[in-house]
1. Kindly indicate whether residue 122 is within 30 Å of residue 65 (Cα to Cα) and not in a strand (DSSP E or B).
2. Among (1) of a type outside the set (Val, Ile, Thr); (2) assigned to a loop (DSSP other than H, G, I, E, B); (3) under 20 Å from the mean Cα position of the chain (by Cα), there is one condition residue 133 misses while meeting the rest; what is its number?
3. Of 71, 47, 29, 51, which residue is within 18 Å of the chain's Cα centre (by Cα), of a type in the set (Gly, Ala, Ser) and either surrounded by fewer than 21 Cβ atoms within 10 Å (Cβ to Cβ) or within 14 Å of the ligand (Cβ to nearest atom) (or both)?
4. For segment 208-241, which residues satisfy the criterion of being buried (at least 22 other Cβ atoms within 10 Å of the Cβ) and assigned to a strand (DSSP E or B)?
5. Is at least one residue of segment 242-265 assigned to a helix (DSSP H, G or I), modelled with pLDDT under 85 and either in contact with a Leu (Cβ under 7 Å, 6 or more places away or on another chain) or surrounded by 15 or more Cβ atoms within 10 Å (Cβ to Cβ) (or both)?
6. Might you let me know whether segment 269-283 holds any residue that is under 22 Å from the mean Cα position of the chain (by Cα), crowded, with 16+ Cβ neighbours inside 10 Å and in contact (Cβ under 8 Å) with a residue 24 or more places away in the chain?
7. Would you mind telling me which numbered condition in (1) in contact with a helix residue (DSSP H, G or I) (Cβ under 8 Å, 6 or more places away or on another chain); (2) modelled with pLDDT of 95 or more; (3) surrounded by 19 or more Cβ atoms within 10 Å (Cβ to Cβ) residue 204 fails?
8. Say whether the condition of being at pLDDT below 95, basic (Lys, Arg) and surrounded by fewer than 22 Cβ atoms within 10 Å (Cβ to Cβ) is met by at least one residue in segment 139-155.
Amino acid sequence: MQFSGLELPASLPAASGWKRVTACPACASPARIPQGEIPERYYVFGSDRVSFPNAAIGVHRCGRCGLIYKSPVPEDGLLASVFARHAAGKWDLPHDYEPELRRLRELAGGSELDLLDIGTSDGAWLGACAAGGIRGRRSALDVVRYPGADAQISGEFIHAALDDPGFGWSGEPYDVVTAFDVLEHLHRPDVAFANLRALVRPGGWLWIETGCADSFWPNRFGVHHWWYVRLLEHHVFWSRRSLEHVAGVHGFALERCESTRHKSWRDAGLAEIGAELLKTGVYCAVGRRYAALAQHFGREGNQPWYPFGRDHLRAWLRRC
Ligand SMILES: [Zn+2]
């Protein structure tokens, strides 16, 4: 669906659009509870401002499965043009994967396992697995083949989005599939989980990390004010309830779910944490005027990122 009034910076192709989402993208139920509208009229991505279409962006909670989703959402063409300008380097933040490695060995009962990582980016996680002595296939699935990832792959590279309706791969399912910071990007969660069912072997594990819509910040300030919802590339927002429901339909049992900080905050330094704490204090004091205040000081920002906020969830699901 095309809207008029789409304003993109001159350097971005204008033949891109937005689509309305009229039913839950995970369970197809049209029943939904409006949560509010995103107050701004544009997204910020890198140095670009991407104007909203001539319609507010609404945030809805599915009346059946509880998934939170936005409407309208950017179509693939618009996303691709923005990503092409900025994506390189955006998602390859350094991270110490030692805690994840310990969990991986616990899950698999040792170091011998076939692993598929979804949203591999530069391959840092697969590299950590190789360095940590994980034996077996180390494979990757991503929309872009980033430089550096190839050296970490000992299995296959699947060139696809997780929610593509069909893609080529070996057909040999994996013991463990990891998807860190992937599930919030899905346009078609139902297709994604159908694909995951094929990719994980029976009895194998799916390890997910994504934002948690049922956490302090969205509950306290409204999910439509949550910084995580106000990102161009995030379309759906999970909670334990919605994950358990949608994954259950596709043959996964939620074995364990815990709240956590985003992995980048687990590595943050004291100065960075101090600066964000200060901003958090200002936000609590001025509320919705925070965005105007930030702009006054030449910054973009509508909600600070509370460094101790556990607004992500980490879940282990077993393929039945
Ligand atoms: Zn639903």
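The values are calculated or read from the model by the stated rules, or taken from the named source; none is laboratory data. Just so you know, these numbers come straight off a predicted model, no measurement behind them. Positions of Cβ are backbone-derived with ideal geometry, glycine not excepted, and every protein chain shown enters the neighbour counts.
1. Against the criterion (within 30 Å of residue 65 (Cα to Cα) and not in a strand (DSSP E or B)), residue 122 does not qualify.
2. Among (1) of a type outside the set (Val, Ile, Thr); (2) assigned to a loop (DSSP other than H, G, I, E, B); (3) under 20 Å from the mean Cα position of the chain (by Cα), the lone unmet condition for residue 133 is (3).
3. Only one candidate passes the filter, namely 71.
4. If the condition is that a residue be buried (at least 22 other Cβ atoms within 10 Å of the Cβ) and assigned to a strand (DSSP E or B), then 208, 210, 211, 212, 236, 237, 238 are the ones that fit.
5. Checked against the condition, which is being assigned to a helix (DSSP H, G or I), modelled with pLDDT under 85 and either in contact with a Leu (Cβ under 7 Å, 6 or more places away or on another chain) or surrounded by 15 or more Cβ atoms within 10 Å (Cβ to Cβ) (or both), segment 242-265 yields at least one hit.
6. yes
7. Tallying (1) in contact with a helix residue (DSSP H, G or I) (Cβ under 8 Å, 6 or more places away or on another chain); (2) modelled with pLDDT of 95 or more; (3) surrounded by 19 or more Cβ atoms within 10 Å (Cβ to Cβ), residue 204 fails exactly one: (1).
8. yes
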